[in-house]
1. Sort out which residues of region 392-449 are without any contact (Cβ under 8 Å) to a residue 60 or more places away in the chain, small (Gly, Ala, Ser) and within 23 Å of Arg248 (Cβ to Cβ), and write them in order of number.
2. Do we find that Arg58 is away from ligand 1 (no atom under 13 Å from the Cβ) and charged (D, E, K, R) in this structure?
3. Taking region 170-183 only, how many residues are touching a strand residue (DSSP E or B) at 6+ places or on another chain (Cβ under 6 Å) and part of a helix (DSSP H, G or I)?
4. All but one of (1) buried (at least 18 other Cβ atoms within 10 Å of the Cβ); (2) of a type in the set (Gly, Ala, Ser); (3) away from ligand 2 (no atom under 13 Å from the Cβ) hold for Ala39; which doesn't?
5. Within region 461-510, track down each residue that is closer than 26 Å to Val440 by Cβ, at pLDDT 85 or above and basic (Lys, Arg).
6. Could you identify the single residue in Leu105, Leu99 that is surrounded by fewer than 17 Cβ atoms within 10 Å (Cβ to Cβ), among the aliphatic types (A, V, I, L, M) and in a helix (DSSP H, G or I)?
7. Go through (1) closer than 16 Å to Thr196 by Cβ; (2) within 10 Å of ligand 1 (Cβ to nearest atom) and name the single condition Thr8 misses.
Amino acid sequence: MSTGAPLTLGTAGHVDHGKTALVAALTGVDTDRLPEEKARGLTIVLGYAPLELPSGRRMSVVDVPGHERFVRTMVAGASGIDCFLMTIAADDGVMPQTLEHAEVLSALGVETGVVAVTKCELADPAAATAQAAELFGDVPVIACSARTGTGLEELLRALEELASAIESRATLGGPVRLHVDRVFTVTGRGTVATGTLWSGAIAAGDSLELLPAGASVRVRAVEVHGAPVSRAPAGQRVAVNLTGARARDVRRGDVLAAPGTLGDSLILDCDLRLREAHHGERVQVLHGTRSVSGRLLCLEGSLWQLRLEQPLLALEGDRLVVRRLAPPDTLGGGVVLDARARRHGRRREILERLRCLRDGEPLPPSAAKADGAIEAPATRPARGLPAVSEGDLLALEQRLRDAGPALLSESQLTAQLPALRVLRDAGRAVRVSGRLYGDVRVVAAIRERIVALIEREGTVTLARVRDALGISRKSAQAFLEYLDGQQVTRRLPDDRREPARRRRARQGVR
Ligand SMILES: Nc1nc2c(ncn2[C@@H]2O[C@H](COP(=O)(O)OP(=O)(O)OP(=O)(O)O)[C@@H](O)[C@H]2O)c(=O)[nH]1
Ligand SMILES: [Mg+2]
């Protein structure tokens, strides 16, 4: 029986602190499915299980890895959860990823949860309990053991109480948004994408948009924890059987969204709590199940601009996590205030507007003017260039889209150069290489396909990219140069390309 609106619980905690064992003891499901996970006794990918509470209410559980190398996966699993189950082993106490996961949860705004002091039959749980209380304040702390069963009933009761106090995303409405974390093919049924449904409801027959590719897909069937349902509301794990997309066209980090409700974000104004970050620093930005590199620009206090190298699929109010690239570490995170900002500095009226958005205050008239400047950046003519109308911009955008991976050169666009400049500043057009330009969605989709090809094949030649993607040699060259420039690929002496971070990837660093 399942009563109450859907909710999702995410595990958290240092490696080996008993997350997976606890989920198995509570749900009966061993979420470590991969042979490598079983052999190493280590969670590597996200695990999922339904948890039935004493009242019959059901929660989705996402079990995350605790190893420091898999923090990116942990963030992907924690994005979209409603509450946490943090484990701290009685015989180990608070450890680095206890702290890092706590930081991620706080950045994602997940403040409700329970701490389980695990392995309590191995050591006196008092010290770890005191540490937990210090770290998490008045969150319930329960000593338990997955091995002996001690404390599990108390833990379930605490989760029940927690669940009754949380408002389910199902009641909040909003358009469909599902950040894909797994994709596979089921014989006879085709592509299945799974994720935690952030908002909206998905039903068989729905038309959705797959982003960033922008492809139209149709929902053939929907399942929740292995059982078919006619309609799945937000707040739980959902598996969507799709038509219109092959499994290899869908990747972790993609988003299934209600058509026309979500677009690419390349420049975001945010309210961030960061430690040790500095103006101009290149960082990793994690949002949903996606992570991209970008640069941090300090505007004022907690207000920062993020200029990304690849798009995120974000909306205002979304949470994101910021990590340092080397050595990898979580710096903090926060809230998106403007998901489609334009490049700007510390202009007074823009800062005033952002302060109001952050503090939830009404926009004063001067900030409202700046608001228009931000909301409709593309209509503002670039300095020294003739004004361009929204019609000019849409016409050029369509032309770039129609050109697709063939791209367009500046010499083909002489009459539209002012519009090109505006589109480029607004992140809607991308200079791929030399004087060649493409639509931001087209460029993102081609990039993803090349990265997938290299992931499959190790290294690639220009000719291989040309043939595999069915594009011209000139385009293949431009895209590879673009990816070299972004340090996604690295050019080898024999002109082949390999992933720029191949050596680290071989060592298992993600
Ligand atoms: N004695 C004892 N051992 C436990 C208990 N819970 C887990 N373990 C053991 O601790 C080890 C790690 O447990 P896991 O559940 O895999 O830990 P984890 O937090 O999921 O680890 P990662 O997912 O890799 O971060 C395994 O050998 C478990 O059998 C417990 O309550 N008592
Ligand atoms: Mg585990």
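1. Of everything in region 392-449, those that are without any contact (Cβ under 8 Å) to a residue 60 or more places away in the chain, small (Gly, Ala, Ser) and within 23 Å of Arg248 (Cβ to Cβ) turn out to be Gly404, Gly438.
2. So Arg58 passes the test.
3. Result for region 170-183: 1.
4. (1)
5. Arg464, Arg466, Arg473, Lys474, Arg490, Arg491, Arg497
6. Only one candidate passes the filter, namely Leu99.
7. Just one mismatch for Thr8, condition (2).
A quick yes/no check of all residues on (1) within 15 Å of the chain's Cα centre (by Cα); (2) at pLDDT 95 or above; (3) under 23 Å from Val255 (Cα atoms); (4) part of a loop (DSSP other than H, G, I, E, B):
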position	(1), (2), (3), (4)
Gly294	yes, yes, yes, no
Trp304	no, yes, no, no
Glu316	yes, no, yes, yes
Leu320	yes, yes, yes, no
Pro327	no, no, no, yes
Gly334	yes, yes, yes, no
His344	no, no, no, yes
Cys356	no, no, no, no
Pro362	no, no, no, yes
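The values are calculated or read from the model by the stated rules, or taken from the named source; none is laboratory data. On a predicted model such as this, the values are computed, not experimentally measured, just so you know. Glycine also receives a Cβ, built like all others from the backbone with ideal geometry; neighbour counts cover every protein chain displayed.
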